[in-house]
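The values are calculated or read from the model by the stated rules, or taken from the named source; none is laboratory data. Computed from a prediction, not measured in an experiment: that's the story for all the values here. Because the Cβ atoms are built from the backbone with ideal geometry, glycine has one as well, and the counts that use them run over all protein chains shown.
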Ligand SMILES: Nc1ncnc2c1ncn2[C@@H]1O[C@H](COP(=O)(O)OP(=O)(O)OP(=O)(O)O)[C@@H](O)[C@H]1O
Ligand SMILES: [Mg+2]
């Protein structure tokens, strides 16, 4: 059984098709990475899968509950970390968590125990009674993540969980995400960081202009293109060729002219994206 | 209902944290009204056979409790557009009606607190107050009704600017047009009729009757119940529809 499934999920804003007939399945226990440039439709997809946005057509199904027809049952299965910081800055961390627990009808004793456990887990215990207003970006992010985990959801959605964080904090969050997966939680995350998708995800889907353009295991995707990339830079412009071995790529450079510069490296998802769309993810 | 309780809990934490400022600000404007219209108009001035100040206090109750209940609209707005906090409610496994009830509960607390403050201030202006069953029922209905209206508006407007435009063009005129500070009978026919389509008119009529220990105007009482149900229904629909 798939834990997350979208069936030709579509969202239109006027004439703009933000998400175009998206078909996706994510299996239990996987980290699924949804990779795409700004405006590709990642957030819109997450919002439809989590019941914040109503699809124009198609279905979002969570643990076999349809998000539109059975929203309360579907929402019970999920925890969500949004792209925007949406912790309540007028409350303390404990109050934020308590509110979340109440919204999820958690039993009081269990709720308080879990709050304690998670605050320690995210290294926020010392600041449990401080107003969130005083927290740094990374602390707010960690609080958002443990808040999403409080009611022990089977599925966790994270929309750009590390956006705007410094490299060290990003790595801390990655470690947190890996630990969460250990506990058997299915994770659906979006990112526009190639490195993040390659490092964390069991499976990635690449979305561009509302359309899913490819999906698969990161290694398999890059290998199917050719594990080695030869970047040829001529007059400031790059072009790319892909090879099975480094030798083949190297041989190719011998045939080049003097105006060309070469770079041989292992293929990454960015190369795949450029290959498929002709554009860079960061553009 | 657990969802409503959770949302009410959130609003009350913030409410308690600001209680000092809230009480101060809730007292100021009624105090100014009482000074300007109560003392300023003098003791001899009578409307519909009662001292003007005793006439206007129920109007002040209607207006002030409306304003403070309706005020949840701007707070929901900030929570929605600025802090994105409303998403947390919308993603929780609770029904739209529990979201609405939780917010209405908070709005009612604010409206009732402001009423209570006015009732405490009234004796300072030598007006004796009669708190009776119907006065309380009418205050409950008035605060329920305008909290629900606040939720509707908060969910319908797209920006904070729209919100303040609504206050300026609907709430403020209503505060003054609905017989809060004068007898409706003095109005030209056309305004008199228009006033009866506005919910606050019925609140001030009912509140005044209960405050002055007169018979409750039944039509207005039914209208208050009607507006309450209508606004509650509207608020639930507005929350449902906000997931665009
Ligand atoms: N409420 C809305 N009204 C109109 N257009 C919208 C709305 N929300 C999103 N869009 C449009 O839908 C498209 C997809 O936006 P979305 O936020 O899903 O992208 P994204 O992949 O999450 O981008 P980012 O990496 O910048 O977060 C964009 O063109 C955006 O302008
Ligand atoms: Mg986004």
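For residue A:101, all conditions in the list (1) within 12 Å of chain B (Cβ to nearest Cβ); (2) within 16 Å of ligand 1 (Cβ to nearest atom); (3) part of a helix (DSSP H, G or I) hold save one; what is the number of the exception? Just one mismatch for residue A:101, condition (2).
Going residue by residue through the stretch A:176-187, is there one that turns out to be within 11 Å of the chain's Cα centre (by Cα) and more than 17 Å from residue A:85 (Cα to Cα)? Within the stretch A:176-187, one or more residues are within 11 Å of the chain's Cα centre (by Cα) and more than 17 Å from residue A:85 (Cα to Cα). Set side by side, the residues A:43, A:50, A:3 differ, and just one is within 16 Å of ligand 2 (Cβ to nearest atom), within 22 Å of residue B:92 (Cβ to Cβ) and surrounded by fewer than 23 Cβ atoms within 10 Å (Cβ to Cβ), which is A:43. The criterion of at least 2 residues that are within 14 Å of another protein chain (Cβ to nearest Cβ) is met, among strands (runs of 3 or more DSSP E) falling completely within the stretch A:15-96, by A:16-27, A:57-62, A:78-81.
Yes/no matrix, rows are residues, columns are (1) more than 13 Å from ligand 1 (Cβ to nearest atom); (2) touching a helix residue (DSSP H, G or I) at 6+ places or on another chain (Cβ under 8 Å); (3) on the phi > 0 side of the Ramachandran plot:
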| residue | (1), (2), (3) |
| --- | --- |
| A:49 | no, no, no |
| A:53 | no, yes, no |
| A:65 | yes, yes, no |
| A:72 | yes, no, no |
| A:79 | yes, yes, no |
| A:89 | yes, yes, no |
| A:105 | yes, yes, yes |
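Consider residue A:127 carefully, then state whether it is away from chain B (no Cβ under 14 Å), over 25 Å from residue B:91 (Cα atoms), in contact with a strand residue (DSSP E or B) (Cβ under 9 Å, 6 or more places away or on another chain) and away from ligand 1 (no atom under 16 Å from the Cβ).
yes
For the stretch A:133-143, which positions are buried (at least 21 other Cβ atoms within 10 Å of the Cβ) and either more than 24 Å from residue A:194 (Cα to Cα) or within 15 Å of the chain's Cα centre (by Cα) (or both)? Reasoning before the result, please.
Of all residues in the stretch A:133-143, those buried (at least 21 other Cβ atoms within 10 Å of the Cβ) come to A:141-143.
Once the filter is applied, which keeps residues that are buried (at least 21 other Cβ atoms within 10 Å of the Cβ) and either more than 24 Å from residue A:194 (Cα to Cα) or within 15 Å of the chain's Cα centre (by Cα) (or both), the stretch A:133-143 yields A:141, A:143.
Each row is one residue, and each column tells you yes or no for (1) in contact with a strand residue (DSSP E or B) (Cβ under 9 Å, 6 or more places away or on another chain); (2) within 21 Å of residue B:116 (Cα to Cα).
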position: B:183; (1), (2): yes, no
position: B:190; (1), (2): no, no
position: B:200; (1), (2): no, yes
position: B:205; (1), (2): no, yes
position: B:212; (1), (2): yes, yes
position: B:222; (1), (2): no, no
position: B:225; (1), (2): no, no
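Of all the listed residues (B:136, B:117), the sole one being more than 14 Å from every other protein chain (Cβ to nearest Cβ), assigned to a helix (DSSP H, G or I) and crowded, with 17+ Cβ neighbours inside 10 Å is B:117. Elements of the type helices (runs of 4 or more DSSP H) sitting completely within the stretch B:1-70 and holding at least 2 residues that are within 14 Å of another protein chain (Cβ to nearest Cβ): these cover B:2-17, B:19-33.
Between B:198, B:230, B:212, the distinction of being in contact with a helix residue (DSSP H, G or I) (Cβ under 9 Å, 6 or more places away or on another chain) and either within 21 Å of residue B:38 (Cβ to Cβ) or buried (at least 20 other Cβ atoms within 10 Å of the Cβ) (or both) belongs to B:212 only.
Do we have residue A:4 as away from ligand 1 (no atom under 16 Å from the Cβ), within 14 Å of residue A:186 (Cα to Cα) and within 14 Å of chain B (Cβ to nearest Cβ) here? Full working, then the answer.
Details: away from ligand 1 (no atom under 16 Å from the Cβ): yes; within 14 Å of residue A:186 (Cα to Cα): yes; within 14 Å of chain B (Cβ to nearest Cβ): no.
Answer is no for this residue.
Residues that are more than 14 Å from every other protein chain (Cβ to nearest Cβ) and within 16 Å of ligand 2 (Cβ to nearest atom) number at least 3 in the following strands (runs of 3 or more DSSP E) confined to the stretch A:154-243: A:186-191, A:203-208.
Take the residues of the stretch A:107-123 that are outside any helix (DSSP H, G or I) and at pLDDT below 95: which is surrounded by the most Cβ atoms within 10 Å (Cβ to Cβ)? Quick ask: steps written out before the conclusion?
Going through the stretch A:107-123, the residues outside any helix (DSSP H, G or I) turn out to be A:107, A:122-123.
Narrowing further to those that are at pLDDT below 95: A:122-123.
Numbers: A:122: 21, A:123: 12.
That would be A:122.
Only one of the numbered conditions (1) in contact (Cβ under 8 Å) with a residue 12 or more places away in the chain; (2) more than 14 Å from every other protein chain (Cβ to nearest Cβ) is not met by residue B:76, and that is (2). Annotation note: Cβ proximity below 6 Å between a residue of the stretch A:159-177 that is closer than 13 Å to residue A:137 by Cα and a residue that is away from ligand 2 (no atom under 15 Å from the Cβ) (sequence gap 6+ or interchain) occurs for A:161/A:173; A:162/A:170; A:162/A:173; A:165/A:138; A:169/A:138.
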